[in-house]
1. By average Cβ neighbour count within 10 Å, what is the ranking of 137-143, 94-100 from highest down?
2. So if the hydrodynamic radius of the range 108-250 is defined as the Kirkwood radius over C-alpha pairs, what does Stokes-Einstein give as its diffusion coefficient at 37 °C and 0.692 mPa s, in µm² per second?
3. Work from the charge dipole of the range 156-208 (Cβ charges, +1 for Lys and Arg, -1 for Asp and Glu, about the Cα centre) and give the residue of Gln167, Ala201, Ala156 farthest towards its positive end.
4. When the Kirkwood radius is taken over all Cα pairs of the range 156-208, what Stokes-Einstein diffusion coefficient follows at 10 °C and 1.306 mPa s, in µm²/s?
5. Work out Dmax and Rg for the range 72-124 from the C-alpha atoms and quote the Rg first, both in angstrom.
6. Strictly over 30 Å apart at the Cα level, which of Lys104/Lys275; Lys55/Lys141; Lys109/Lys298; Lys129/Lys301; Lys171/Lys278; Lys141/Lys275 would you flag in this model?
7. Using the charge dipole of the chain (Lys, Arg: +1 at Cβ; Asp, Glu: -1 at Cβ; taken about the Cα centre), state which of Gly63, Leu240, Tyr190 has its Cα farthest towards the positive end.
8. Hey, what D do you get for the chain in µm²/s if you plug the Kirkwood alpha-carbon radius into Stokes-Einstein at 10 °C and 1.306 mPa s?
Amino acid sequence: MASYQPAKVYEYTPGLTAFEFGENSETDLAHNVIIFIGGLGDGVLTVPYITNLSKSLKDIDNGTGRWSLIQILISSSYQGWGTGSLKRDAQEIGRAVQFFRSEKGGSRKKVVLMGHSTGTQDSVQYLSKFVYENEGNETIKLDGAILQAPVSDRQAFEQEDPSALAQLLNKCKTEFIDKGKVNDILPQEYRSLTFGVPITAYRFYSLASVGGDDDFFSSDLTADDHKQTFGKIKTPFLVLFGEKDEYASPTLDRQKLVDSWRAATTERYWSPLSKVLKGATHNVGPASDEGAEEDLIKTVKAFITHI
């Protein structure tokens, strides 16, 4: 049975909700927040470390006020990702940031965005594209970001059945994309690769094709590619890549990949706490080595304490 987790629930924009974990009253809200966004298929509390991370934040006291963790639901949460896009996700995250900076949302001082898995793609989209498209809007800016499990969806798909994937991508391109049917739901045959989730031609091609709109973290991307993402980030950020992440190839040199992102980033924005998280699986769940979750929580707390 799942443990009881108290939370304050907000509707941060019509039809979308956010959950601030902990015993929060109207008159005693945390001054600073981590806004958490999950990956494909995730929703409230589906990422195992969320509960312990949220509880640990109450111990932080560095003169800027208390911290709390807020998990937001966006249209792409649970099975909604199949008909979504990073662009839509970033817009909805922006509304949440604006809400929690406003008086109605508690007038929070510092806001950090933490993405898990495809939530890290949302975070990079937000930092390298969305803030540029809305330059001058101070209400959407972040004080920091955390990328936990920034794994390539494209290369994760390729691990399953490369031949079948290539055939489906070609069919998606010629029968849907090239014919302007980008928002059509693809036939059932595609769902063996998408966890049974209905998916549009655009979203499948974005996730699974070389250079697709979601293709930020693949190991075969170039330094020039990274300059368009990591190189454009102007907010302090932390990268945590699991040593035992099952969605990355066993032969992938994780440290080399993380180093390539660092090389593309302006030095002042790359957190020196970034690392390959020893013994950590994709979601730092029960299959991780002992101490992996504690290491993640300790590193996240150290990062937000110094921003």
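Here, each number is a calculation from the coordinates, and none is a lab measurement. Nothing here was measured: the structure is a model prediction, and the numbers come from that model. Cβ: placed from backbone, ideal geometry, glycine included. Neighbour counts: every protein chain shown.
1. The most tightly packed comes first, giving 94-100, 137-143.
2. Details: Rh = 16.5 Å.
Answer from the Stokes-Einstein relation: 199 µm²/s.
3. Working it through, the farthest residue towards the positive pole turns out to be Ala201.
4. My calculation gives 146 µm²/s for D.
5. When restricted to the Cα atoms of the range 72-124, Rg and Dmax are 11.7, 34 Å.
6. Numbers: Lys104/Lys275 37 Å; Lys55/Lys141 26 Å; Lys109/Lys298 22 Å; Lys129/Lys301 27 Å; Lys171/Lys278 40 Å; Lys141/Lys275 25 Å.
In this structure, Lys104/Lys275; Lys171/Lys278 exceed 30 Å between Cα atoms.
7. So the residue we want is Gly63.
8. So the translational diffusion coefficient is about 80 µm²/s.
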